[in-house]
1. For the stretch 48-78, which trypsin sites (Lys or Arg not before Pro) are in a loop by DSSP, counting at most 15 other Cβ atoms within 10 Å?
2. What relative contact order, as a whole-number percentage, does the stretch 1-155 give when Cα pairs under 8 Å and 6 or more residues apart are counted?
3. Once you've got the Cα coordinates, tell me which of Lys56/Lys204; Lys175/Lys253; Lys75/Lys147; Lys56/Lys253; Lys64/Lys253; Lys56/Lys301 are over 30 Å apart.
4. Label the chain by shape, choosing from rounded, prolate and oblate, from the square roots a ≥ b ≥ c of the eigenvalues of the Cα gyration tensor; if a/c is under 1.5 it is rounded, and otherwise prolate applies when a/b is larger than b/c, oblate when it is not.
5. Estimate the FRET efficiency between Asp291 and Ala128 by the formula 1/(1 + (r/R0)^6), using the beta-carbon distance for r and 41 Å for R0, to the nearest 0.05.
6. Treating each Cα of the stretch 180-219 as an identical point scatterer and ignoring solvent, apply the Debye formula and state log10 I(q)/I(0) at q = 0.25, 0.26 Å⁻¹.
7. Need one word for the stretch 1-147: rounded, prolate or oblate. Basis is the Cα gyration tensor (sqrt eigenvalues a ≥ b ≥ c); a/c below 1.5 gives rounded, then a/b vs b/c decides.
8. So what is the diffusion coefficient of the stretch 52-109 in µm² per second by Stokes-Einstein at 37 °C and 0.692 mPa s, using a Kirkwood Rh over Cα pairs?
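Please treat every number below as a calculation from the coordinates, not as lab data. Quick caveat: nothing in here was measured; it's all calculated off a predicted structure. Virtual Cβ from ideal backbone geometry, glycine too; neighbours counted across all protein chains shown.
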Amino acid sequence: MNSMLEVKNLKTGFDIDGALYHAVDDVSFSVKPRQIVGIVGESGCGKSVLSLSVMKLLPKGIGKITNGEVIFQGKKLEGLTDDEMNKIRGKDISMIFQEPMTSLNPVFTIGSQLTEIMLNHGDLSKKAARDMAIQLLKSVGISRPEKIVDEYPHQLSGGMRQRVMIAIAIACQPKLLIADEPTTALDVTVQAQILELLKSIQEKNDMSIILITHDLGVVAEMCDEVIVMYAGKIVERTDVDSLFHNPQHPYTKLLMASIPRIDEEVGQLATIQGIVPSLKNMPTIGCRFADRCPSAKPECKTVIPQLAKFEEGHEVSCLLFESSYPKESVR
Ligand SMILES: Nc1ncnc2c1ncn2[C@@H]1O[C@H](COP(=O)(O)OP(=O)(O)O)[C@@H](O)[C@H]1O
Ligand SMILES: [Mg+2]
């Protein structure tokens, strides 16, 4: 098997005031076994919507996949019923959300939330599940797990709650973990510990990870491949080395330049002018980044660029590259 996950031409839209607006627009990528793929981009670029689409956890009646397919271990997910999807979710694919407090249930103990998933997906006695819960808490670096197992989420620190979320996510040894900004809410030291933990679990369990972050330092530390998203589209995809040493898309270059550096004065910090367009204000023609792009040429406002090969394993969607012109366009 050469792909753990394949996403092909995925489009996800939201119904806003009776009209459909796409937050993910024609996105294709794949994740290989044991690979860590990073997804980066500013807030509002569609990273979370993309992961919720893969998990089929879009808000019902509001968000829907309008095109494309998601293939997990060779199996198409779109035809599956809620029941069938429930069997996959948590067991084969699981997800860690940005804010652990909102995804842990405040009225249940840590232990019952951990054992619930194991009892749902496995054939275990309650006692065995509780023992496993304690083992899992220990494996994610929680000291005194015998005590924590009977506590409630609000009794734990942010870092501890995120460790619990990781324990829940890996309880059934999923093949794919989607971690959506797993450390954003945490302070820097805890952040480093959590990332180290994820990496060690990934190696031990032979797991693939989709790691969503706006922190390029995290990408450098963790990822094999990186997808750069802007306004619902992939603008660049490459391995982590060339992301840092040979970025091509003007947006990627600006993201790289906005990493604070220790040897720089804060005043010199490069930021990207303007903001990510909201769904209702998404440009319908031309490149979505054109308005903010320092390298934009006149046709960037009229021709929609295509994601195309720049070099082996490296794709860019930008009209500065001949290959990104749509085949049918007349210049
Ligand atoms: N439930 C929703 N209803 C309407 N619009 C939404 C909803 N969730 C997300 N969006 C919009 O979709 C776009 C992408 O959002 P999101 O995927 O959360 O961005 P990111 O995770 O990259 O910060 C944003 O414009 C956001 O406002
Ligand atoms: Mg998000």
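1. On the way: sites: Lys56, Lys60, Lys64, Lys75, Lys76; in loops: Lys56, Lys60.
Passing sites in the stretch 48-78 are Lys60.
2. Values: 192 pairs, mean separation 31.6, N = 155.
Rounded, it is 20 percent for the stretch 1-155.
3. Details: Lys56/Lys204 27 Å; Lys175/Lys253 33 Å; Lys75/Lys147 41 Å; Lys56/Lys253 32 Å; Lys64/Lys253 32 Å; Lys56/Lys301 34 Å.
The answer is Lys175/Lys253; Lys75/Lys147; Lys56/Lys253; Lys64/Lys253; Lys56/Lys301.
4. Values: a/c = 2.04, a/b = 1.60, b/c = 1.27.
Note, shape of the chain comes out prolate.
5. On the way: r = 58 Å, r/R0 = 1.41.
The computed FRET efficiency comes out at 0.10.
6. With one equal scatterer per Cα and no solvent, log10 I(q)/I(0) is -0.89, -0.95.
7. On the way: a/c = 1.97, a/b = 1.73, b/c = 1.14.
Here the stretch 1-147 falls in the prolate category.
8. Numbers: Rh = 13.1 Å.
After rounding, the answer is 250 µm²/s.
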